[in-house]
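Remarks on the structure that follows.
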Amino acid sequence: MQILDGKIVSQSVKEKIKEKTILFKNAGNKTPHLAAILIGNNGASETYVASKVKNCEEVGFTSSLIRFEENIEEAALTAAIEKLNNDEDVDGILVQLPLPKQINEEKIINLISPDKDVDGFHPMSIGKMVQGLPTFIPATPYGILLMLEHYKIETAGKHAVVIGRSNIVGRPISILLSRNAYPGNCTVTVCHSRTKNLKEICLQADIIVAALGIPEFLKADMVKENAVVVDVGITRVADVTKKSGFAIKGDVDFVNVAPKCSYITPVPGGVGLMTIAALLMNTFSACENKYK
Ligand code: GUN
C-alpha cells in the first residue's frame, strides 16, 4: 500500500507555479491576482479561505479577501462581484460556498465572469469541460487528476466508482475520469444516495472516489484488494482530545481500508491540499490567458 501524499504533490505543483510566476513577471507581465469572497463565520470556510490566501502569497500571487456578514443582501454581493469582474487587476474570483440561505447560489455563480471563474463552477466552464475544451476545471477534481498523474497511476480501462454527485466534486470527476485523456479513459459508475447495491458496485471498482461527506462511510468490506481509493471527505467531528475541539474525518474508514489498497489518500494531507494547488494553477492560467 502506498500513500498518495498531498503534501509532497501539492508542494511540487506549488514550486512549479512559483518558478513560472517569477519567469512570467520577469517577462514584464502582471502579478496573478486572486480575489476571494467569504461570507459569515463558518469555521471550515474561514480555514479554507485563509489557506487559499496564504498559498497565493507563497507562490508570489496577489490576493484580496473580501468579507461580508452572514446577513448580507444579495444585491450587495452581486455589486461586489460586478466590481471584481470589471477590475482589470483581478484575474480570478472565488466565492466560498456554501452561501447563506437568502442568497441564490446559482445566480451568484452565473454572475462571475467566465474568464475569471477559477473555481470552474460557471455553466460555461462546466459545458466546456464536458466537451473536452480548454477551460477551468473545478479545483478538487483537478487536484485529484494532478495526484493520479504524479504517481503515474494507470487509469485507462479501469472501472472507477464515484460516490457522490455534487457539482463541486462527484459530477465533474466522473466526467473527467471518462474522457479520452490521461488521467481518464475509465469506465465510470456514479453512485449516490438512491443507489442500490452500493457495496457490490464498490467491490467491482479499480478506483473509488469517495465524495459524499459522511465520515468513514467506505468500509473495508466494500473495497476489493489493490483498489486505488481517493478520499474527498473533510468533515469536522467533535473530539475533546484536540485543542480545536474537533478532528477532520474523511469519507473512508482509513485504518481498515488502507491495508487492502494499492494506493490511498489520507485525510488530512491528501486531496484537500491538492484542491488549493489546483486553484493556484487555474489562477495562473486566468492571468496568462489575458496575454493570449
Ligand atoms: N466549498 C467547498 N469546496 C469549495 C470550492 O472548491 N470552492 C468554493 N468556492 N467553495 C467551496
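This table checks each residue for (1) surrounded by fewer than 19 Cβ atoms within 10 Å (Cβ to Cβ); (2) of a type outside the set (K, R).
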position	(1), (2)
D91	no, yes
L97	yes, yes
G120	no, yes
K128	yes, no
H150	yes, yes
P172	no, yes
P183	no, yes
T187	yes, yes
N197	yes, yes
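Restricting to region 115-133, count the residues that are away from the ligand (no atom under 15 Å from the Cβ) and closer than 21 Å to F61 by Cβ.
Summing the residues that are away from the ligand (no atom under 15 Å from the Cβ) and closer than 21 Å to F61 by Cβ in region 115-133 gives 1.
Answer yes or no: is there a residue in region 210-221 that is closer than 30 Å to G60 by Cα and surrounded by 22 or more Cβ atoms within 10 Å (Cβ to Cβ).
Scanning region 210-221, I find no residue that is closer than 30 Å to G60 by Cα and surrounded by 22 or more Cβ atoms within 10 Å (Cβ to Cβ), so the answer is no.
Kindly list the number of the only condition in (1) more than 19 Å from L97 (Cβ to Cβ); (2) among the aliphatic types (A, V, I, L, M); (3) assigned to a loop (DSSP other than H, G, I, E, B); (4) within 16 Å of the ligand (Cβ to nearest atom) that fails for L212.
(1)
Looking for whichever is surrounded by 13 or more Cβ atoms within 10 Å (Cβ to Cβ), modelled with pLDDT of 95 or more and at negative phi here; the options are N104, N86, N71, N26. Which one fits?
It is N104.
Tell me which of these A139 doesn't satisfy, since it passes every other one: (1) farther than 17 Å from V267 by Cβ; (2) touching a strand residue (DSSP E or B) at 6+ places or on another chain (Cβ under 9 Å).
Here A139 meets the rest and fails (1).
So T140 fits all but one of (1) more than 25 Å from S63 (Cα to Cα); (2) within 12 Å of the ligand (Cβ to nearest atom); (3) polar (S, T, N, Q); what number is the exception?
With respect to (1) more than 25 Å from S63 (Cα to Cα); (2) within 12 Å of the ligand (Cβ to nearest atom); (3) polar (S, T, N, Q), T140 is out only on (1).
Checking P268 against (1) outside any helix (DSSP H, G or I); (2) touching a helix residue (DSSP H, G or I) at 6+ places or on another chain (Cβ under 7 Å); (3) under 21 Å from Q11 (Cβ atoms), which single condition isn't satisfied?
Of the numbered conditions (1) outside any helix (DSSP H, G or I); (2) touching a helix residue (DSSP H, G or I) at 6+ places or on another chain (Cβ under 7 Å); (3) under 21 Å from Q11 (Cβ atoms), the odd one out for P268 is (2).
Could you please tell me which pairs satisfy a Cβ distance under 6 Å, a separation of 6+ or placement on different chains, a first residue in region 133-147 that is closer than 16 Å to S178 by Cβ, and a second residue that is among the small types (G, A, S) and within 12 Å of the ligand (Cβ to nearest atom)?
Matching pairs, first to second residue: I137/G120; P138/G120; Y142/A278.
The values are calculated or read from the model by the stated rules, or taken from the named source; none is laboratory data. Computed from a predicted structure; not experimentally measured. Reconstructed Cβ throughout: ideal geometry from the backbone, glycine too, with neighbour counts over all protein chains shown.
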